[in-house]
1. Any idea of Asp42's accessible area? Nearest 10 Å², probe 1.4 Å.
2. What whole-number distance in Å separates the alpha-carbon centres of the range 128-158 and the range 78-93?
3. Give a residue-ordered list of calculated ³J(HN,Hα) values for the range 137-144 (Karplus: 6.51 cos²θ - 1.76 cosθ + 1.60, θ = phi - 60°; whole Hz; x for Gly, Pro).
4. State the percentage of accessible surface on the range 57-125 attributable to carbon and sulfur atoms; use a 1.4 Å probe and exclude ligands, DNA and RNA.
5. Any idea of the accessible area per residue across the range 1-114, 1.4 Å probe, to the nearest Å²?
6. If the chain between Ala279 and Glu164 were fully stretched, how many nm would it gain, using 0.36 nm times the residue separation less the Cα-Cα distance?
7. Could you sort His248, His46 by accessible area so the largest value comes first, with the probe set to 1.4 Å?
8. Considering the dipole of the chain built from charges on the beta carbon (Lys and Arg +1, Asp and Glu -1) around the Cα centre, which of Thr140, Asn161, Gly245 is farthest to its positive end?
Amino acid sequence: MAKKALVTGITGQDGSYLTELLLQKKYQVFGLVQRSATDPFDNIRHLLDDIEIIVGDLSDSGSLIRALQQSDPDEVYNLAAQSFVKSSWDIPEMTGDVTGLGVTRMLEAVRTVKPQARFYQASSSEMFGQVAQTPQRETTPFHPRSPYGVAKVYGHWITVNYRESYDMFACSGILFNHESPRRGYEFVTRKVASTAAYIKEGLASELTLGNLDSKRDWGFAGDYVEAMWLMLQQDAPDDYVIGTGENHSVQELCEVAFGHLGLDWTKYVKQDKRFMRPAEVEVLLSDPSKARKNLKWQTKVSFEKLIQMMVDAEMKRIVEMRAGEVPGLPRA
Ligand code: NAP
Ligand code: F7E
């Protein structure tokens, strides 16, 4: 019998790669999608014939219970969130409700309808925030620096609490930044890759960024969804840090992206305080040794290859846009 999985946040970057992986493994996949006035299916259009969409929302408990009843899943991947850190200062209450309390609603739905289902929570390196030690591992204390980070800390601990309280198979993956051509345009890697391509093609003249000095441990999203799946295949539930163990600054990101197109980034990049944050996470660096040892997980795509892949995808998109095959690019 095929295993069944329920994926919240299926229309997002990770939801799309995870669904591809689960379909490859012959799972029956159900995706929770929030109601939208516009088309949210860009990332999963190629998968729509092979999955079942369930309308629901992390702020609506009844819809989550019905999603559990309809899908009767063996595995639940809770990827849905308001995930853009900068916006979490503009909409802190909504971020707390969806990204934080939404995890409790999902766990309650699982506990009520299918307590034996295995549960994955999408936790984040943003929980480490103002880091207490470097590199960061599973035991590093949390000090979040944004309403998003605070909400993720709540989501992490409620997942641990349901594991300890009800003996549920609940895992928390503490994932460091992971990117791809399917990343939202407002995140810095996609913003840099798309604008560099626009500049190369004469469609833009400059790129406006915030803090160029912050450092992130950037990996490829396609590698990271494999770690999510592996966590739910273990004998016992646990929490894992997932990252590359290497970090780079936003400036280095610009150097690689513009350099790939034969451009000198210093001629085009400007700074604007509109893109600075009220409180910044300056440096993140993972220690993924537990995942390497227990899950036998390893990242396969290097930082340079990742950024080059994203820039190449943007150049291809411009060609398609000019041929009228895709609409114009939204701008961050
Ligand atoms: P993403 O592209 O922003 O996707 C978020 C998904 O959540 C989208 O499908 C979105 O739907 C959905 N969503 C938002 N609010 C919802 C609600 N109220 N009810 C139901 N669905 C809702 O994020 P991602 O990069 O794939 O990341 C997946 C998860 O991992 C998120 O929880 C994120 O916080 C976490 N995470 C990400 C990273 C990273 O570097 N990517 C690192 C650590 C943790 P719409 O498409 O309709 O907006
Ligand atoms: O920013 C700096 C910015 O928005 C990265 C989410 O997936 O990963 C992501 O959160 C860095 C920050 O990602 C711009 O200040 C400079 O230091 O791409 P980002 P993030 O905030 O690290 C974590 C792990 C998650 O869990 C989140 O869901 O880049 N930066 N200038 C800029 N960032 C943006 N977005 N735009 C700029 O213009």
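The values are calculated or read from the model by the stated rules, or taken from the named source; none is laboratory data. If you're wondering where the values come from, they're calculated on a predicted model, not measured in any experiment. Because the Cβ atoms are built from the backbone with ideal geometry, glycine has one as well, and the counts that use them run over all protein chains shown. For the accessible areas, the whole protein counts, side chains as well, though only heavy atoms, and no ligand, DNA or RNA atoms are used. Shrake-Rupley method; radii C 1.70, N 1.55, O 1.52, S 1.80 Å.
1. Result for Asp42: roughly 110 Å² accessible.
2. That distance is 15 Å.
3. Residue by residue, the range 137-144 yields 10, 4, 8, 5, x, 8, 8, x Hz.
4. Accessible surface attributable to carbon and sulfur in the range 57-125 totals 47 percent.
5. 45 Å²
6. Going from the current span to full extension adds 38.1 nm.
7. Largest to smallest exposure gives the sequence His46, His248.
8. Of the listed residues, the answer is Gly245.
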